[in-house]
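The structure under discussion appears below in the form of structure tokens.
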Amino acid sequence: MSMNSVNSKLVKDAGHIAGEWCQADSGATIAVYNPATGEQLGQVPDMGINETRAAIDAASKALANWSAVAPKERARLLRCWFDLIIEHKEDLARLMTLEQGKPLFETRGEVLYGASYVEWYAEEGKRAYGKVFAAPTADKRALSIQQPIGVVAAITPWNFPNAMITRKVAPALAAGCTVVLKPSEETPFSALALMALAEQAGIPAGVINMITSSQAAAVGKVLTDDSRVRKLSFTGSTRVGKLLYGQSADTVKKLSLELGGNAPFIVFDDADLDAAVAGAVISKFRNAGQTCVCANRILVQDGIHDAFVARFKQAVEQLVVGNGLDDSSTLGPVINQAAIDKIAGMVDKAQSEGASLVTGGQRHPAGELFFAPTILTGVTQQMEIARQEIFGPVAPVIRFKDDAEAIAIANDTPYGLAAYFFTESHSRIWKVAEALEYGMVGINEGILSNEIAPFGGVKESGLGREGSSQGLEDYMETKYLCMGGIR
Ligand code: ADP
């Protein structure tokens, strides 16, 4: 099966600048591969510095008109985009499985999840409120209004090729901003398909511009150096996020950064074992472990440790590894050769440091980029596998004695994105939730992200929040108006 199985209207092999589909000035292209088979799916333009400047020009030019469109009309256009995404959900899901690898049930889920941000911000854009303050003196009045921040640059990763785009573009557009977006070079087709639907929805030329490029550093530098770009929203690695943070200092841009995580998943003795096992499987193995909120360390209390590991092993061995286009598959490939080599290296190193293999542990025969779902026990917080983001289908289990030890281990990391814990005690729920130094906490839940809630991290996991009303505020500036001379 190839791209022929996807509605051709959605398969675009061009970038999009100022309302035009265009190739790179140099004519260069980037090949895009199916990670499940190695097959080349197609190619997209390899754009560079000049095209990025042209995209910023287009977004700047479109800004005055777009920010003046009534929020209700912007909402209508976003709603129309949402309806088109839903109408084409099966094609978008297939396209995503082809270029990203995760199973169809997950890409179908992501298309709905991604669309939910477009729907939410179509509604939320109508609810951007100002404030009127009690004035300090009788002859003054004081109020504030909310205005779009301006041109937004967005840089997105390959692990959620659809939702990481809608989560940024929908609130930006709802707020009245225009966008230059650079999707990941691994998964550009999902981005371009969303662009095609936005165009069909009637979102005006120049409001969303897309640059496909393998020259991420050069494109990123143009975006951060340009003073017309007032905000940068980035989802990706902590390394690149820190680089972009530094590069944005000169023009003092507003930043949203969704960076790496090292999520603890804590199972206390009094947990509901079935719920904890199901939560661990979904949190760890979803997207083959390639999400920034994946359980990265599974902390299990002494009294329930052996029972948990036995049940977890049974559940993990039921995962069906295979090509994501096969409806029976529940675990797809990882994204590329570098990723699988890194995962294999981490598993070997953990064993050499003293961890024991419970299941998996090696590459899987389904294809070059498939790794068998793996559980390691006897892991300690000092091992590399507990300190680094694994980004693969590998579950390291750490044993602990009491709440204080679990919290100390959980917080012993520069990251602070998502944490999870399972307990039936309401006191423990409050105490542990408050003690975890994380932006998001799943309590008796292995999946926590949705459009109504503020998604984001603390410490080196990032800045800002996506989703909820806060996700809209992050694309707006507050302007204070002081009126005097009132007699
Ligand atoms: P991942 O490990 O998830 O691929 P990256 O941070 O490398 O995370 O990539 C996330 C996004 O950042 C991708 O779109 C990638 O092309 C882009 N990117 C990578 N390096 C840079 C850079 N130096 N400047 C700007 N964007 C970059």
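The values are calculated or read from the model by the stated rules, or taken from the named source; none is laboratory data. Just so you know, these numbers come straight off a predicted model, no measurement behind them. All Cβ positions, even for glycine, are placed from backbone atoms using ideal geometry, and neighbour counts span all protein chains on display. Protein only, heavy atoms only, side chains kept; ligands, DNA and RNA dropped before computing areas. Shrake-Rupley method; radii C 1.70, N 1.55, O 1.52, S 1.80 Å.
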Expected vector for the stretch 448-464, Karplus 3J(HN,Hα) from phi with 6.51, -1.76, 1.60 and θ = phi - 60°, integer Hz, x for Gly and Pro, equals 10, 8, 7, 5, 7, 10, x, 9, x, x, 10, 6, 7, 8, x, 9, x
The ³J(HN,Hα) series, computed from each phi in the stretch 427-444 with the Karplus coefficients 6.51, -1.76 and 1.60 at θ = phi - 60°, rounded to the nearest Hz and given as x for glycine or proline, is 5, 4, 4, 5, 4, 6, 4, 6, 7, 6, 8, 9, x, 9, 10, x, 10, 6
Interchain or sequence-distant (5+) residues whose placed amide H lies within less than 5 Å of the amide H of Ile30 are Val44, Asp46
Debye calc, one equal point scatterer per Cα of the stretch 267-377, no solvent, log10 I(q)/I(0) at q = 0.10, 0.16 1/Å comes to -0.29, -0.75
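Of Lys479, Lys431, Lys126, which has the most accessible area and how do the rest follow, probe 1.4 Å? Walk me through the intermediate numbers first.
Values: Lys479 90, Lys431 150, Lys126 115 Å².
Order by accessible area, largest first: Lys431, Lys126, Lys479.
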Of every hundred units of 1.4 Å-probe accessible area on the chain, the number belonging to carbon and sulfur atoms, as a percent, is 53
Note: Glu384 to Ala404 extended length (0.36 nm per residue) minus current alpha-carbon separation gives 5.0 nm
Contour minus Cα-Cα span, Ala216 to Lys459, at 0.36 nm per residue, comes to 85.0 nm
Residue-normalised 222 nm signal for the chain, counting each DSSP H run of n ≥ 4 as -39,500 (n - 2.57), nearest 500 deg cm²/dmol, is -12500 deg cm²/dmol
Long-range amide H partners of Ala154, meaning residues 5 or more apart or on another chain whose placed amide H is closer than 5 Å, are Val180, Leu181, Lys182, Ser233
Site Phe133, offset 7 angstrom along Cα→Cβ, radius 18 Å on amide nitrogen, limited to the stretch 454-487, gives 477-486
For the chain, the Debye formula with one identical point scatterer on each Cα and no solvent gives log10 I(q)/I(0) at q = 0.10 Å⁻¹ as -0.76
Reported to the nearest 10 Å², His426 has, with a 1.4 Å probe, an accessible area equal to 140
One finds the C-alpha centres of the stretch 54-68 and the stretch 374-390 to be spaced, in Å, by 47
Per residue, the convex hull enclosing the Cα atoms of the stretch 263-450 spans a volume in Å³ of 110
Gln314 and Arg487 label points (each 7 Å along its Cα→Cβ direction) are spaced in nm at 8.6
For the stretch 263-450, dividing by residue count, accessible area per residue (probe 1.4 Å) in Å² works out to 38
Expected unfolding gain across Asn450-Ser26 under the 0.36 nm per residue rule, minus the alpha-carbon gap, is 148.6 nm
What one gets for the stretch 137-237 as the Kirkwood radius, inverse of mean 1/r over different Cα pairs in Å, is 14.6
Two pseudo-spin positions, 7 Å from Cα along C-beta at Lys349 and at Glu87, lie apart in nanometres by 5.0
With the label point 7 Å along the Cα-to-beta-carbon line of Trp430 and a cut-off under 12 Å to each amide N, the hits in the stretch 257-274 are none
The pairs in Lys102/Lys313; Lys168/Lys254; Lys131/Lys253; Lys231/Lys479; Lys126/Lys168; Lys168/Lys253 lying past 19 Å Cα-Cα in this model are Lys102/Lys313; Lys131/Lys253
With no solvent term and unit scatterers on the alpha-carbon positions of the stretch 1-106, Debye gives log₁₀ I(q)/I(0) at q = 0.11, 0.12, 0.18 Å⁻¹ of -0.50, -0.59, -1.07
Taking placed amide H atoms and a strict 5 Å upper bound, the residues 5 or more places from Glu445 or on another chain that come that close are Phe421
Sorted list, accessible surface of protein heavy atoms, 1.4 Å probe, largest first, for Asp46, Asp25 is Asp25, Asp46
One finds the C-alpha centres of the stretch 165-194 and the stretch 214-231 to be spaced, in Å, by 15
Taking the stretch 67-165, the equivalent ellipsoid from its C-alpha gyration tensor has semi-axes in Å, biggest first, of 39, 14, 11
About its Cα centre, the chain carries a charge dipole, from +1 on Lys and Arg Cβ atoms and -1 on Asp and Glu Cβ atoms, whose size in debye to the nearest 20 is 1680
